[in-house]
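The values are calculated or read from the model by the stated rules, or taken from the named source; none is laboratory data. All figures in this text were calculated on a predicted structure; none of them were measured in a lab. A quick note on method: Cβ atoms are made from the backbone with ideal geometry, for glycine too, and the neighbour counts reach across all protein chains shown.
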Amino acid sequence: DTEVTQTPKHLVMGMTNKKSLKCEQHMGHRAMYWYKQKAKKPPELMFVYSYEKLSINESVPSRFSPECPNSSLLNLHLHALQPEDSALYLCASSQAYGTGTSGRANEQFFGPGTRLTVL
Amino acid sequence: QKEVEQNSGPLSVPEGAIASLNCTYSDRGSQSFFWYRQYSGKSPELIMFIYSNGDKEDGRFTAQLNKASQYVSLLIRDSQPSDSATYLCAVGRETSYDKVIFGPGTSLSVIP
């Protein structure tokens, strides 16, 4: 299985809502990522989990809260978002540093994304 | 200077021609280099990776890496309309953290 799945595909929420994005992979990867992508811009890294531990937080506002329940699952909890948070949210996974072939740790595979609209 | 730069687009080529996409990077410690293709409204798809100087070929795609010049390119031979997409260059370095830096992307349009 070489697929990263994300749910939901689309999400519309109000600024007072609480929602969660979910990501799952079954490739045995030990690194998982959340990215945010605005139109005509490259993906912008938000969080990295390596061996189920948060290794990178790119100064993301606390209204975004990541969670890694196990090595296959990654969640992003959303609360009190702003309209400017509307974007495509991408999950990715890769072999973690220290496993497999040198360099392959950065070989990231993306899920289809969740299109988020904040009203 | 941006960490990863790509030739500004949009790039238009006729069907059957060679499309050349370029990427430069500033960190000499970079060790892994990736090309992603992203169709409008879709997620990035990894199409090529290269770690050593020289050329790497996969079907109609050739990645070229020159670490001395801090330059990586992607050639698409016999371009097809289905190749029309944004191409993202990503650069990583081997550290204890798994992170790549994406370039801004180049939009390619293949004209039938």
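Structure data summary
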quantity: Output for segment B:1-21, where each listed residue is assigned to a strand (DSSP E or B) and closer than 15 Å to B:V72 by Cα; calculated: B:V4, B:E5, B:Q6, B:A19, B:S20, B:L21
quantity: Subset tally (residues that are touching a residue at least 12 places away in the same chain (Cβ under 8 Å) and either at positive phi or outside any strand (DSSP E or B) (or both)) for segment B:86-106; calculated: 5
quantity: Residue count for segment A:24-55, restricted to those that are of a type in the set (D, E, K, R), in a loop (DSSP other than H, G, I, E, B) and within 11 Å of chain B (Cβ to nearest Cβ); calculated: 3
quantity: Residues that are within 15 Å of B:Y25 (Cα to Cα), touching a helix residue (DSSP H, G or I) at 6+ places or on another chain (Cβ under 6 Å) and either more than 13 Å from chain A (Cβ to nearest Cβ) or of a type in the set (D, E, K, R) (or both), drawn from segment B:72-112; calculated: none
quantity: Selected residue [under 30 Å from A:C91 (Cβ atoms), touching an Asp or Glu at 6+ places or on another chain (Cβ under 6 Å) and of a type in the set (V, I, T)] from B:I50, B:I76; calculated: B:I76
quantity: Subset tally (residues that are in contact (Cβ under 8 Å) with a residue 40 or more places away in the chain and buried (at least 19 other Cβ atoms within 10 Å of the Cβ)) for segment A:38-55; calculated: 2
quantity: Single unsatisfied condition, B:T24 versus (1) buried (at least 16 other Cβ atoms within 10 Å of the Cβ); (2) not in a strand (DSSP E or B); calculated: (2)
quantity: Boolean, A:M15 is more than 12 Å from the chain's Cα centre (by Cα), outside any strand (DSSP E or B), among the hydrophobic types (A, V, I, L, M, F, W, C) and more than 25 Å from B:Q31 (Cβ to Cβ); calculated: yes
quantity: Top-ranked residue in segment B:44-62 [being within 13 Å of chain A (Cβ to nearest Cβ) and either charged (D, E, K, R) or within 11 Å of the chain's Cα centre (by Cα) (or both); ranked as surrounded by the most Cβ atoms within 10 Å (Cβ to Cβ)]; calculated: B:I50
quantity: Test: B:S30 is within 13 Å of chain A (Cβ to nearest Cβ), part of a loop (DSSP other than H, G, I, E, B), of a type in the set (S, T, N, Q) and surrounded by 12 or more Cβ atoms within 10 Å (Cβ to Cβ); calculated: yes
quantity: Scan of segment B:40-85 for residues that are on the phi > 0 side of the Ramachandran plot and part of a loop (DSSP other than H, G, I, E, B), ordered by number; calculated: B:G41, B:G59, B:Q70, B:D78
quantity: Qualifying residue in segment A:56-70 (condition: buried (at least 20 other Cβ atoms within 10 Å of the Cβ) and in a loop (DSSP other than H, G, I, E, B)); calculated: no
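Quick grid of which residues meet (1) in contact with a strand residue (DSSP E or B) (Cβ under 6 Å, 6 or more places away or on another chain); (2) modelled with pLDDT under 95; (3) surrounded by fewer than 21 Cβ atoms within 10 Å (Cβ to Cβ):
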| residue | (1), (2), (3) |
| --- | --- |
| B:P14 | yes, no, yes |
| B:N66 | no, no, yes |
| B:C89 | yes, no, no |
| B:I101 | yes, yes, yes |
